[in-house]
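Just below is one structure, and these are the notes that go with it.
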Amino acid sequence: MTRPPAKCGTTSGYMRHYKRGEAYCQPCLDARRDYDRRKRVIQRSQALRDTGVTLPAIAFAEVYLASPPAVQELIERHIGIDIADELVAIHDQYQDLKDKAGAA
């Protein structure tokens with residue numbers, strides 16, 4: 001059973017050009033560029049995850065509260081609903097203190 005030839009406009013198509021010593025067509029160059037970009041993004045996110053990223057709780061709470069519901073649910077799955085609720089409570093307390101300081 002043989003595999004169908006790799007199609008242009010794909011990373012496999014790019015590799016087919018490479019293996020044959022051919023000039024790359026634009027769709028294959030675009031596909032390889034997109035592949036390389038995705039790979040760099042994944043590598044950067046893995047590096048950040050491995051080293052840890054810190055963000056003040058208030059800033060994280062603001063990002064969480066400003067996010068659409070689907071993003072909030074994603075965050076809750078990662079950090080847990082209890083922690084998300086605590087972040088919102090801290091944010092509310094912080095806003096109350098800011099409001100009181102502004103009124104004074």
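So what's the range 1-52 giving for Rg/Rh, alpha carbon basis, Kirkwood Rh from the mean inverse pair distance?
With Rg and the Kirkwood Rh in hand, the quotient comes to 1.19.
What is the Rg over Rh value, at two decimals, for the chain, using alpha-carbon atoms and the Kirkwood definition of Rh?
Checking Rg against Rh, the ratio lands at 1.31.
Kirkwood Rh over alpha-carbon pairs of the range 54-104, then Stokes-Einstein at 37 °C and 0.692 mPa s: what D in µm² s⁻¹, rounded to an integer?
Answer, rounded: 285 µm²/s.
Suppose a student asked you for the relative contact order of the range 1-52, using Cα pairs under 8 Å spaced at least 6 residues apart; what percent would you report?
Relative contact order of the range 1-52: 30 percent.
Which lysines does Lys19 reach when only Cα atoms under 20 Å apart count, and residues fewer than 8 places away in its own chain are ignored?
Leaving aside lysines fewer than 8 places away in the same chain, those within reach of Lys19 are Lys7.
Arranged by the count of other C-beta atoms within 10 angstrom, fewest first, what order do Cys28, Cys8 take?
With the fewest neighbours first, Cys28, Cys8 line up as Cys8, Cys28.
None of the figures in this text is laboratory data; all of them are computed from the coordinates on show. Nothing here was measured: the structure is a model prediction, and the numbers come from that model. Positions of Cβ are generated from backbone atoms using ideal geometry, with glycine treated the same way; all protein chains shown enter the neighbour counts.
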